[in-house]
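In what follows, a single structure is set out as structure tokens and then discussed.
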Amino acid sequence: MDKIDIKSLYFEELESELKSLGLPAFRAKQVYEWLHVKLAAGFGEMTNLSKELRESLRERYFLTALEEVDSLHSASDGTIKYLFRLMDDRVIESVLMKYHHGNSVCISSQVGCRMGCKFCASAIGGKERDLLPSEMLDQIYRIQTLSGERVSNIVVMGTGEPLDNYDHLIRFLRLATDPKGLNISARNITVSTCGIPDKIRAFAEERLPVTLALSLHAPNNEIRKSMMPVAAKYGLEEVMEAFRHYYERTGRRLTFEYSLVDGVNDKEEHAKELARLVKGINCHINLIPVNPIKERNYRKSGSENIQKFKFILEKYRINVTIRREMGADIDAACGQLRKSYIDKTGL
């Protein structure tokens, strides 16, 4: 019999599982607390359970606990980038970012990514597999354990397209926001997507009050297609319509991520076109100076161009910020640490 992923079970499912083993109801509460509050990395740590029960659980379930392979610590802003090993020896990245308002963790949702965005190191090599809900959760749990610090915000913006791993994403979000577990406010969670219209519409019906961020990166479909292969399948008009639907169903202000690439999408006419595209939408635009990667020829826009782009958007009364570059001294751009590890080890 294949073992069951115990950390991916909702409390009610765990309760039912343990009841089927003839255990009293209070055992489910104890085990769930060990998994999601005390952040146990193994059944052996569950010291208020008998040795026999721990062995019984070990035989029936597997307990996801990521192993730290490497970490990079920023001297400039305290950002820590972690490389974790999964049970099948694949590796993923997660990042701890420290802000005045609290600690934020950027997690991966897949091993690799099949979206193929030209400015992203995560897409090099393609997608290997989806992450389990437990593997998404445990990035946060291991970081809390390793850093000794509480995480208050989650951004699903690491390697992978979250909506391409839809069912696992939803289960992860419900577990992360469970008051009996990690108890992160849904309003402190952001999910970033390249734009898959049917999944955006389905996500709206989940009624999870998280922030949805669209990786836009271009003011029109032609430029977007040159940067993001997914745009050839899903046109910008269709994506924007689904995004508006999400706002109508949830009331949550929308976020647009826009990576500025020198000479590609950072000109004055691009800023004006972008302003027209989002006109009338309750939104925030996050301008991102693109992180250069050696496998691509994209260059970061100059600081003068970035400021000018922001100024034009503000003239159109659009809420806009320039993303603070966290961990710039440790190559914290998505996918870079994993890529260098794979290149070095040949895995």
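The values are calculated or read from the model by the stated rules, or taken from the named source; none is laboratory data. None of the values given here were measured: they were computed from a predicted structure. For neighbour counting, all protein chains shown are included, and Cβ atoms are generated from backbone atoms with ideal geometry for every residue, glycine included.
Applying the condition of being buried (at least 23 other Cβ atoms within 10 Å of the Cβ) and touching a residue at least 60 places away in the same chain (Cβ under 8 Å) to the range 151-160 and asking which residue is nearest to Pro209 (Cα to Cα) yields Gly158. Apart from one condition, Leu72 fits all of (1) in the same structural domain as Thr159 (by TED's automatic domain parsing); (2) exposed (fewer than 15 other Cβ atoms within 10 Å of the Cβ); (3) touching a Leu at 6+ places or on another chain (Cβ under 7 Å); (4) not basic (Lys, Arg); the exception is (2). Of the residues making up the range 96-112, none is out of contact with any strand residue (DSSP E or B) (no Cβ under 6 Å at 6 or more places or on another chain), under 30 Å from Ser226 (Cβ atoms), buried (at least 24 other Cβ atoms within 10 Å of the Cβ) and not charged (D, E, K, R).
If you go through the range 117-126 one residue at a time, do you hit one that is out of contact with any helix residue (DSSP H, G or I) (no Cβ under 7 Å at 6 or more places or on another chain) and without any contact (Cβ under 8 Å) to a residue 60 or more places away in the chain? Scanning the range 117-126, I find at least one residue that is out of contact with any helix residue (DSSP H, G or I) (no Cβ under 7 Å at 6 or more places or on another chain) and without any contact (Cβ under 8 Å) to a residue 60 or more places away in the chain, so the answer is yes. The residues on offer are Asn291, Asn265, and the sole one that is part of a loop (DSSP other than H, G, I, E, B) and at pLDDT below 95 is Asn291.
Apart from one condition, Gly148 fits all of (1) surrounded by fewer than 21 Cβ atoms within 10 Å (Cβ to Cβ); (2) touching a residue at least 40 places away in the same chain (Cβ under 8 Å); the exception is (2). The residues of the range 1-45 that are aromatic (Phe, Trp, Tyr) and within 27 Å of the chain's Cα centre (by Cα), listed by number, are Tyr10, Phe11, Tyr32, Trp34.
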